[in-house]
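See below for the structure under consideration.
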Amino acid sequence: MSHGFRQVEMEPVYGLFHYLFASAYGMFFRGEVEGQAHLPREGGFLIAANHASFLDPPMIGAQVSRQLAFFARKTLWGNGRSDNKWLSLGGFASWWLDTVGTIPVDRDGGQDVSAIKRVLGALKTGRGLILFPEGTRTSDGQLQAPKAGVGLIACRAQVPVVPARIFGSREAMGKGQPLRLGTPVSVVFGPPILASNYDPGSSAGKERYQVASERIFEQIAALEAPTRHII
C-alpha cells in the first residue's frame with residue numbers, strides 16, 4: 001500500500017482506517033513528520049503526546065506503521081453526552097471504537113482499574129498505545145500541566161515511552177472550532193525514554209506517578225516544530 005505503511009499486517013478494519021486517515025493527512029493536512037525512526041519496531045511501547053484537537057489520535061496514528069491502541073472516555077460509546085457530534089452516532093460509533101481497539105476510560109471516576117488492566121494487557125501482547133499526559137485538549141494552544149495517569153501506566157508497564165508533539169492540529173480543528181481543511185499538521189517523535197529515566201521508583205512514594213508524568217512531559221515540551229519545506 002501507499003504511504004510506506006504496512007496496513008496489510010494490521011487487523012482489517014484498523015488497516016483500512018489507517019490507510020484512509022493517512023491518505024486524508026496527505027491530501028488535507030500534510031505537514032512535516034520527523035523522528036519516525038525512533039518508533040520501536042516490536043514490543044509494547046507508549047506514545048505520549050500533547051493534546052490540542054480530536055484530530056490528534058488519528059493524525060499521530062497515521063504516522064505509525066504498527067497497529068496501536070487508544071484511550072477514549074466512556075461517553076463516546078453513546079452512554080452519555082459527547083461534545084463531538086460525529087462521535088455521538090450510537091451503535092456505529094461503539095462498533096468502530098471497539099473494532100479499532102479503543103479502550104474506554106472513566107475520566108470522572110478516579111483510577112479506572114478496568115482500563116488500566118486492558119492497557120497493560122495490550123502492552124503485554126506487544127501493542128503500542130497513544131496517551132495524552134494533559135488528559136484533555138488545550139483551549140488556548142498552550143501546553144497544560146501533565147496528570148499522573150500516564151506516569152502510572154508507564155511505571156506499571158515499564159515499557160519505552162516515545163514522546164511526540166503535534167503542531168497545527170488546534171488550528172485545523174481546535175476545541176469548539178470547525179474543521180479547517182488545508183491546515184498543515186506536523187508531527188515530531190523524540191527518542192524513546194526508558195523506564196530507568198522516567199520512573200523514580202517506589203522511594204518517591206505517592207508522588208512516583210506524577211514525577212514520571214512530568215519527566216515524560218518535559219521531553220514532549222522540548223520537541224521543536226520541524227522546518228517547513230517549501231517546494
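The values are calculated or read from the model by the stated rules, or taken from the named source; none is laboratory data. The model shown is predicted, which means the values in this text are computed figures rather than measured ones. Note: ideal-geometry Cβ built from the backbone for every residue, glycine included; neighbour counts use all protein chains shown. Side chains included, ligands, DNA and RNA excluded: accessible areas come from the protein's heavy atoms. Shrake-Rupley method; radii C 1.70, N 1.55, O 1.52, S 1.80 Å.
All but one of (1) in contact (Cβ under 8 Å) with a residue 40 or more places away in the chain; (2) not in a helix (DSSP H, G or I) hold for A172; which doesn't?
(2)
Against the condition closer than 23 Å to R66 by Cβ, within 17 Å of the chain's Cα centre (by Cα), open to solvent by less than 50 Å² (accessible area, probe 1.4 Å) and modelled with pLDDT of 95 or more, how does V159 come out, does it pass?
yes
Among what's in region 113-130 and is touching a residue at least 60 places away in the same chain (Cβ under 8 Å) and charged (D, E, K, R), pick the residue that is most open to solvent (accessible area, probe 1.4 Å).
Among them, the one singled out is K124.
Collect the residues in region 173-186 that are of a type in the set (G, A, S), open to solvent by 30 Å² or more (accessible area, probe 1.4 Å) and in contact with a Ser or Thr (Cβ under 9 Å, 6 or more places away or on another chain), keeping them in residue-number order.
G176
Taking the options A115, A69, A48, A24, name whichever one is modelled with pLDDT of 95 or more and either part of a loop (DSSP other than H, G, I, E, B) or under 17 Å from the mean Cα position of the chain (by Cα) (or both).
Among A115, A69, A48, A24, only A48 is modelled with pLDDT of 95 or more and either part of a loop (DSSP other than H, G, I, E, B) or under 17 Å from the mean Cα position of the chain (by Cα) (or both).
In region 131-151, what residues are under 22 Å from A222 (Cβ atoms), surrounded by fewer than 21 Cβ atoms within 10 Å (Cβ to Cβ) and of a type outside the set (D, E, K, R)?
Result: G135, T136, T138, G141, Q142, L143, Q144, A145, A148.
Of all the residues that make up region 187-208, how many are of a type outside the set (D, E, K, R), open to solvent by less than 60 Å² (accessible area, probe 1.4 Å) and either touching a helix residue (DSSP H, G or I) at 6+ places or on another chain (Cβ under 9 Å) or part of a helix (DSSP H, G or I) (or both)?
11
Is it true that some residue in region 124-139 is assigned to a loop (DSSP other than H, G, I, E, B), farther than 23 Å from Y198 by Cβ, at pLDDT 90 or above and of a type in the set (D, E, K, R)?
Scanning region 124-139, I find at least one residue that is assigned to a loop (DSSP other than H, G, I, E, B), farther than 23 Å from Y198 by Cβ, at pLDDT 90 or above and of a type in the set (D, E, K, R), so the answer is yes.
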